[in-house]
Amino acid sequence: MLSSYLKSSGRNLVRNKLFSFINIAGLAIGMSVGLLVIAILNDLLAYDQFHEKKGRIYRIITHHQEHGNPEMKLASTSVKAGRQIRVAIPGIEDVTILRSGFGGDAQIGEKKIPVEGKWADNSFFRVFSFPLVAGDPKTALNEPYSLVITEQTAKKLFGDDNALGRTVRFDSLAYTVTGIAREVPHQSHLRLDVLVSFASADATLGKKQPDLYNWDNIWQNYVYLTLPPTTTPAAVQPALDKLCAEENKALHDLKLTVSLQSLSEITFSKGLNNNIGPTVDPLWLWGLGGLAFIVILSACFNYTNLSVARSLRRSREVSVRKVIGARRSHIMGQFMTESVIIALASLLIAFGLYIFLRKEFLSLTPEITEMVSLTLSVRTMLYFIGLAVVIGLAAGFLPAVFFSGINALAAMKTRLAFNPGKRFGLRKVLIVTQYTFSLIFISTTIVGYSQYKKILHFDLGFTTDNVINLKLYGADPAALKKDLAGLPEVKQISQSMMVTSLGSFFGFTMKYQPGDSALVWENRVDEHYLPLHEHTLLAGTNFTVRPEKGQEREVIVNQQVLKRFNIGGQSPRNAIGQFVTVDGQKLAIVGVLKDFNYGTLEQKIDPVMFRYTRSEPWGFLNLKVTTDDMAATLVKLDEVWKKYDKVHPINARFYTDQIEAAYSRYAIMVKVIGFIAVLAICIASLGLFGMVVFTIETRLKEVSIRKVLGADEAGLVYLLCKNFLLLLLLAAAIALPVTYLLFDKLVLPRFVYHKPIGWGELLIGSLLVMLFALLMIGSQTARAARINPTNVLKGE
């Protein structure tokens, strides 16, 4: 029986070449997107699954609630939290504490190699399964100044020599290599070159940072724990809540609580700040999966539509089978087999398209390459085949049900119980649905791109044009500034701790009145920063005192600081000379700036302060350049840089490029949706083309008779087109309001500051799609209208 199904299906495919091509091409296009989504999910779900205790490892996350501010969730927590959990909470199997920020230039003799790492305590290798190829994991991180490096780092530092027991210097301190770890798998949220014993942090950071072990020092520390097999997170949470309540008694206007996050959830963290390692927003995955589903569904619609449209031709075949004894299950089996064969044939083409899509997807941004590799495995290939079979069964289900239910006697008389041409029938619904999704996709792409360009050119409250931010990597800023100032292209130079408006945040608690404090974002800058970036001073002056170390006296704030603390009745002029306390120091407000975007446009403008202190290491030089040959200017900058740092390549980026990179995820979304829009339009157009061809074939005699009776070509074209035109207009009438509501209610509210949607942005995509569809319909109907009636009617 299966052999008979295969033969019959093969013959039908060959006999109907055009419709087979449309179905195979449509399914292949839709399936290629499905293959990409499967490969992405396969990679993401494999994250951290190599750890032996993967089902019992949890990370401590912190809920930061400050008086008057919304709650902030952090992936980091305090060292004290980890130590208290270890000794005070029953039912915990093990706890390990990590701290980020270790790194710099590893020096071996005269050779320097930049590396990044983390401090980790001696229980790290008991919690995580990172095997050592040399050294003892039980003792490798016990002693101060112990160092565990990966095989690749060992190769960079020592070549082919044995690295175990060797000494590596960071600044003036010597560390001993006590372990060599295998390379960290790509699917790990922990990425590291080196691990340094936490006892080293006790010996070095403890003296410089007296608040290192405070309960509220939550910004650079990460705590992981393992629970016994019989213990659940819910059983531990009450003890954690009790611990937090005790520790919070010593805090003012601040509440810190902690909770558990399973290891499998870390990669899909949503709404967590201070994440460590690559993460992906689950909403993005759901969106990509939803788009793939819609495209595949559209291809299935094509199959269903064309199959039902050919009902008159296939119904007699089915009737003959029923007359000679075929049951309904046999008919369904044949049509389901036929659709699965088409889907498997489509898989071969889809796989070729997937190889192309994979390359293009990975090249969208380095962050994607860091996140997934999309390498093929046996399991992935089995998923691909499974997807093809499922799609084949789904596409063939409705046609199978329809044809298996045909009345044999009625079909032999060419009268079907189901009329495929009735008003608002199945075929029309499918066409409208396909084009509705296509128009939503293309309109979303155009509106999204327009909004993205508006975001890039949004007035941030300061200028970024022709500003280059040069990362210092610890180089002497004073000497470097002197040489850079000698370049004729460099007009102004300033210094800053960080680059704002890119999504990075750094802040301290500010106090004005007793009992009232709030977290205020900050940047450390010099006296040249404000004029270079053209910040607007509403009152007061720029920094007037160049502070000596430990003698900071001044602060410049924005309008939001005045509103938050009601300083000077919120009047910039009255706020000048008022004192605030920051980081234990009493500072005078010497200037008030017009509000500007410290974070991205997704966040509201918060209280911000600028400080000028000699004790803070500078992170960046900000260069205002004017040149007609930017490439030559960058070469000159590189030549100057090499005089001061021969280890790190120059990291000089235009501010505008950095802002564009900060919103790159939205550019990626626009590209992905735009590409899927093209695929959806192609699939819908293939289906519409098939329907137009079939409709024209079935109405050739009617057209010929009308021509004999005097109908002109224009009237015939309109007659054949009008039903399709109405369907396209109905699709547009649904798609445009849906697109508008999608942006107005879901997308744009994520940006506190955005531009309104223009109706031109909505209409242009629909007009382009409809024009393309009309050209396709018009070309086919015009060809039919020009056929000589005698060639059609001569056999009648």
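The values are calculated or read from the model by the stated rules, or taken from the named source; none is laboratory data. Computed from a predicted model, the values in this text were never measured in an experiment. Ideal geometry is used to build each Cβ from the backbone, glycine not excepted, and the neighbour counts take in all protein chains shown.
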Practice task
Would you mind stating whether G448 is in contact with a helix residue (DSSP H, G or I) (Cβ under 6 Å, 6 or more places away or on another chain), in the same structural domain as G584 (by TED's automatic domain parsing), among the small types (G, A, S) and closer than 23 Å to Y666 by Cα?
Solution key: no
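Would you check if there is a residue in the stretch 499-511 being surrounded by 22 or more Cβ atoms within 10 Å (Cβ to Cβ) and either of a type in the set (K, R) or over 17 Å from A662 (Cα atoms) (or both)? Before the answer, list the steps.
Of the stretch 499-511, the ones surrounded by 22 or more Cβ atoms within 10 Å (Cβ to Cβ) are 500, 510.
Those left that are additionally either of a type in the set (K, R) or over 17 Å from A662 (Cα atoms) (or both): 510.
Within the stretch 499-511, one or more residues are surrounded by 22 or more Cβ atoms within 10 Å (Cβ to Cβ) and either of a type in the set (K, R) or over 17 Å from A662 (Cα atoms) (or both).
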Practice task
Could you tell me whether any residue of the stretch 142-157 is more than 30 Å from C244 (Cβ to Cβ), aliphatic (A, V, I, L, M) and assigned to a loop (DSSP other than H, G, I, E, B)?
Solution key: no
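Within the group D121, D105, which residue is at pLDDT below 85 and in the same structural domain as H189 (by TED's automatic domain parsing)? Outline the logic, then answer.
Numbers: D121 fails: at pLDDT below 85.
Being at pLDDT below 85 and in the same structural domain as H189 (by TED's automatic domain parsing) holds for just one of D121, D105, which is D105.
Would it be correct to say that K604 is modelled with pLDDT of 90 or more and not aromatic (F, W, Y)? Talk me through it step by step, then tell me what you get.
Values: modelled with pLDDT of 90 or more: no; not aromatic (F, W, Y): yes.
Criteria not met by K604.
Of all residues being small (G, A, S) and in contact (Cβ under 8 Å) with a residue 24 or more places away in the chain in the stretch 739-769, which is farthest from R665 (Cα to Cα)? Just the residue, please.
Looking only at the stretch 739-769, we keep the residues that are small (G, A, S), and these are 758, 760, 765-766.
Adding the requirement that they be in contact (Cβ under 8 Å) with a residue 24 or more places away in the chain leaves 758, 765-766.
Details: G758: 23, G765: 22, S766: 25 Å.
Looking at residues that are small (G, A, S) and in contact (Cβ under 8 Å) with a residue 24 or more places away in the chain, I get S766.
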Practice task
Looking only at the stretch 695-710, count how many residues are exposed (fewer than 15 other Cβ atoms within 10 Å of the Cβ) and either in contact with a His (Cβ under 7 Å, 6 or more places away or on another chain) or assigned to a loop (DSSP other than H, G, I, E, B) (or both).
Solution key: 2
Completion exercise
Reported set for the stretch 68-80 where residues are of a type in the set (S, T, Y) and surrounded by fewer than 21 Cβ atoms within 10 Å (Cβ to Cβ) is none
Problem - Which numbered condition G103 misses (of (1) more than 26 Å from N214 (Cα to Cα); (2) assigned to a strand (DSSP E or B)) - result: (1)
Completion exercise
Among (1) in a strand (DSSP E or B); (2) aliphatic (A, V, I, L, M); (3) at pLDDT below 90, V592 falls short only on (3)
Handout entry: Conditions (1) closer than 15 Å to I22 by Cβ; (2) at pLDDT below 75; number of the one not met by A299
Key = (2)
Completion exercise
Residue hits (the stretch 208-233; touching a residue at least 40 places away in the same chain (Cβ under 8 Å) and not in a loop (DSSP other than H, G, I, E, B)) are N221, Y222, V223, Y224, L225, T226, P233
Fill in the blank from the handout: Those residues of the stretch 643-694 which are under 24 Å from the mean Cα position of the chain (by Cα) and not in a helix (DSSP H, G or I) amount to R653, F654, Y663
Completion exercise
Taking the stretch 700-738 and keeping only residues that are charged (D, E, K, R) and in contact (Cβ under 8 Å) with a residue 24 or more places away in the chain, one is left with K701, K707, E713
Exercise for the section: Within the stretch 568-591, identify whether any single residue is in contact with a helix residue (DSSP H, G or I) (Cβ under 6 Å, 6 or more places away or on another chain), without any contact (Cβ under 8 Å) to a residue 40 or more places away in the chain, surrounded by fewer than 22 Cβ atoms within 10 Å (Cβ to Cβ) and of a type outside the set (S, T, N, Q), and answer yes or no. Expected result: yes
Problem - Single condition K471 does not satisfy, out of (1) surrounded by fewer than 22 Cβ atoms within 10 Å (Cβ to Cβ); (2) modelled with pLDDT of 85 or more; (3) out of contact with any Phe, Trp or Tyr (no Cβ under 7 Å at 6 or more places or on another chain) - result: (3)
Practice task
Evaluate the stretch 113-129: report whether one residue or more is β-branched (V, I, T), closer than 28 Å to Y473 by Cβ and crowded, with 22+ Cβ neighbours inside 10 Å.
Solution key: no
Completion exercise
Of the residues in the stretch 26-67 that are surrounded by fewer than 18 Cβ atoms within 10 Å (Cβ to Cβ) and of a type in the set (K, R), the one that is farthest from the chain's Cα centre (by Cα) is K53
Exercise for the section: Examine the stretch 70-92 for a residue that is at pLDDT 90 or above, within 30 Å of Q513 (Cβ to Cβ) and part of a helix (DSSP H, G or I), and state whether such a residue exists. Expected result: yes
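At least 1 residues that are of a type in the set (S, T, Y), in contact (Cβ under 8 Å) with a residue 24 or more places away in the chain and in the same structural domain as A588 (by TED's automatic domain parsing) in each: list the strands (runs of 3 or more DSSP E) lying fully within the stretch 492-548 that qualify. Break it down stepwise before answering.
Details: elements: 507-511, 517-524, 537-540.
Here the list reads 507-511, 517-524.
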Exercise for the section: Look at G758 and say whether it is at pLDDT below 80, in contact with a helix residue (DSSP H, G or I) (Cβ under 8 Å, 6 or more places away or on another chain) and exposed (fewer than 15 other Cβ atoms within 10 Å of the Cβ). Expected result: yes
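So if I check each of F402, F384, F462, which one is part of a loop (DSSP other than H, G, I, E, B) and either over 18 Å from G30 (Cα atoms) or modelled with pLDDT of 85 or more (or both)?
Values: F402 fails: part of a loop (DSSP other than H, G, I, E, B); F384 fails: part of a loop (DSSP other than H, G, I, E, B).
Checking each option against the conditions leaves just F462.
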Fill in the blank from the handout: Looking across the stretch 89-103 at residues that are buried (at least 16 other Cβ atoms within 10 Å of the Cβ) and among the small types (G, A, S), the single one that is nearest to the chain's Cα centre (by Cα) is S100
Fill in the blank from the handout: All conditions in (1) buried (at least 21 other Cβ atoms within 10 Å of the Cβ); (2) within 25 Å of S373 (Cβ to Cβ) are true of R182 except (1)
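Can you tell me which of A201, A134 is among the small types (G, A, S), surrounded by 15 or more Cβ atoms within 10 Å (Cβ to Cβ) and outside any strand (DSSP E or B)?
Details: A134 fails: outside any strand (DSSP E or B).
Matching residue, one of A201, A134: A201.
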Handout entry: From the options V647, V625, residue that is in contact with a helix residue (DSSP H, G or I) (Cβ under 7 Å, 6 or more places away or on another chain) and β-branched (V, I, T)
Key = V625
Practice task
Could you check, for the stretch 321-330, whether at least one of its residues is modelled with pLDDT under 70, in a helix (DSSP H, G or I) and of a type in the set (D, E, K, R)?
Solution key: yes
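If we keep just the residues of the stretch 507-566 that are among the aromatic types (F, W, Y) and touching a Leu at 6+ places or on another chain (Cβ under 9 Å), which is modelled with the highest pLDDT? Give the derivation first.
Here is the first cut: in the stretch 507-566, the ones among the aromatic types (F, W, Y) are 508, 512, 521, 529, 543, 565.
This time we only want the ones that are touching a Leu at 6+ places or on another chain (Cβ under 9 Å), so: 508, 543.
Details: F508: 84, F543: 90.
If we take residues in the stretch 507-566 being among the aromatic types (F, W, Y) and touching a Leu at 6+ places or on another chain (Cβ under 9 Å), then F543 is modelled with the highest pLDDT.
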